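Accompanying notes for the structure given below.
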């Protein structure tokens with residue numbers, strides 16, 4: 001894993017607790033990337049899990065003991081579901097777009113009755 005990949009992984013883990021990346025965009029082997037992710041987890045004191053999805057074309061890294069909201073959990077489930085069904089879940093911003101969609105679905109009108 002090169003420095004740019006490590007920085008991107010660390011930034012995503014801190015910001016949202018996961019990173020989804022297409023294997024064909026990596027500068028190293030899948031095993032090296034997954035080992036690097038676990039190394040980052042040990043260094044930061046986080047429990048990290050890595051998965052191969054979408055016919056092994058996508059690597060998912062998850063910080064499993066990070067506190068999350070219900071909406072973040074739902075967006076992550078939908079994004080991973082998209083990857084398992086053959087969608088392009090690893091494209092830039094997919095999780096962010098999914099989280100925004102889930103947040104919009106949970107908006108409600110509030111009226112001030114005073």
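A short reminder: the numbers here are calculations on the coordinates, not readings from a lab. Note that the structure is predicted; figures quoted are calculated from it, not measured. No Cβ is skipped: glycine too gets one built from the backbone with ideal geometry, and neighbour counts run over all protein chains shown.
How long is the gain from residue 106 to residue 29 if the chain were fully straight, where each residue apart is worth 0.36 nm and the alpha carbon distance is subtracted?
23.8 nm
Two decimals is fine: what's Rg over Rh for segment 3-105, C-alpha atoms, Kirkwood radius as Rh?
Rounded to two decimals, Rg over Rh is 0.94.
Along the Cα→Cβ direction, 7 angstrom out, place labels at residue 113 and residue 66. What is the inter-label distance in nm?
The modelled label-to-label distance comes out at 4.0 nm.
Assuming R0 = 22 Å, can you tell me the calculated FRET efficiency for the pair residue 49 and residue 97, based on Cβ-Cβ distance, to the nearest 0.05?
The calculated FRET efficiency here is 0.40.
Under 8 Å for C-alpha pairs, at least 6 residues apart: give me the relative contact order for the chain, rounded to a whole percent.
22
Label-point separation (nm) for residue 4 and residue 77, each offset 7 Å from Cα along Cα-to-Cβ?
About 3.6 nm separates the two model spin labels.
Can you sort 55, 112, 12, 96 by how many other beta carbons sit within 10 Å, fewest first?
Neighbour counts put them in this order, fewest first: 112, 55, 96, 12.
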